[in-house]
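Colleague: Following this message is one structure expressed as structure tokens.
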Amino acid sequence: MLAAHLAPLAASLFSLLAIGSLLLAFVMLGSRWLKDYMLAFGAQSWLIGILSALIGYYGGYRELYVVAALTVLFRGLVLPWLILRILRQMSAQREVHEVVSPASSLVIGAALVIFALLVAIHVTESLGLNSNVVVLALTVMFSMKLIGFQMLTLRHEAISHILGILILENGIFLGSQILVPGMPLMIELVLLFDLLVAVACFGVLVRYLITHIGTTSSRELRRLTG
């Protein structure tokens, strides 16, 4: 495993980018403004793209340069641009109906990170991997997945739900890049295609909510009809 045998400089760079990605997830948790969510996600995707390029450089995985370029292009530019276009059609520009306040969301997020750290330590000890980078990568991956689920559960705006899915997927992708850098390029292409489909479906959902319900809050979706 590459992460378990890194030089100090490489380990520091990987750790810095992973922590930066996690902090940007907290930016989304602590904000009410939908546009801020999207800008933070774009910045997070850029950090993950840079991380992929560094892993390709230090590990000798040339295909990761292509993955890094695709990550920056699609996750960092195309997806934010598409969702910002959808945001212009929305009547709401911020979270109005909150289950918990942003401050409480940050506290819950911090508790989830602590839980993720404990799980990561247990996993690395079980596998016999005594590497701080491996522990950090697992912690960030688990934390971003849990924060993604938190946004899906505790936010009502449609944009918050799609961002929860994107954060969750970013966490899986970040962890896999550090822990399993030899992941085939085709898998990344499939993941990017899935994200584009998810955003397209999100755009259709937003138009439906605005046209038939007059809001983009999922609070109004209380009854299934068929």
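The values are calculated or read from the model by the stated rules, or taken from the named source; none is laboratory data. Model, not experiment: these values are computed from the prediction. Cβ coordinates were reconstructed from backbone atoms using ideal geometry, including for glycine residues, and neighbour counts include every protein chain displayed.
Colleague: Please find, within the stretch 101-128, the residue that is modelled with the lowest pLDDT out of those that are farther than 13 Å from residue 146 by Cα and among the hydroxyl-bearing types (Ser, Thr, Tyr).
Modeller: 101
Colleague: Can I ask one more? Which of the residues that make up the stretch 155-174 are in a helix (DSSP H, G or I) and modelled with pLDDT under 80?
Modeller: If the condition is that a residue be in a helix (DSSP H, G or I) and modelled with pLDDT under 80, then 158, 159, 160, 161, 162 are the ones that fit.
Colleague: Does the stretch 8-30 include one or more residues that are under 23 Å from residue 134 (Cα atoms), surrounded by fewer than 23 Cβ atoms within 10 Å (Cβ to Cβ) and hydroxyl-bearing (Ser, Thr, Tyr)?
Modeller: yes
Colleague: For the stretch 29-69, which residues satisfy the criterion of being under 22 Å from residue 88 (Cβ atoms), without any contact (Cβ under 8 Å) to a residue 60 or more places away in the chain and either among the aliphatic types (A, V, I, L, M) or touching a Phe, Trp or Tyr at 6+ places or on another chain (Cβ under 8 Å) (or both)?
Modeller: 39, 40, 43
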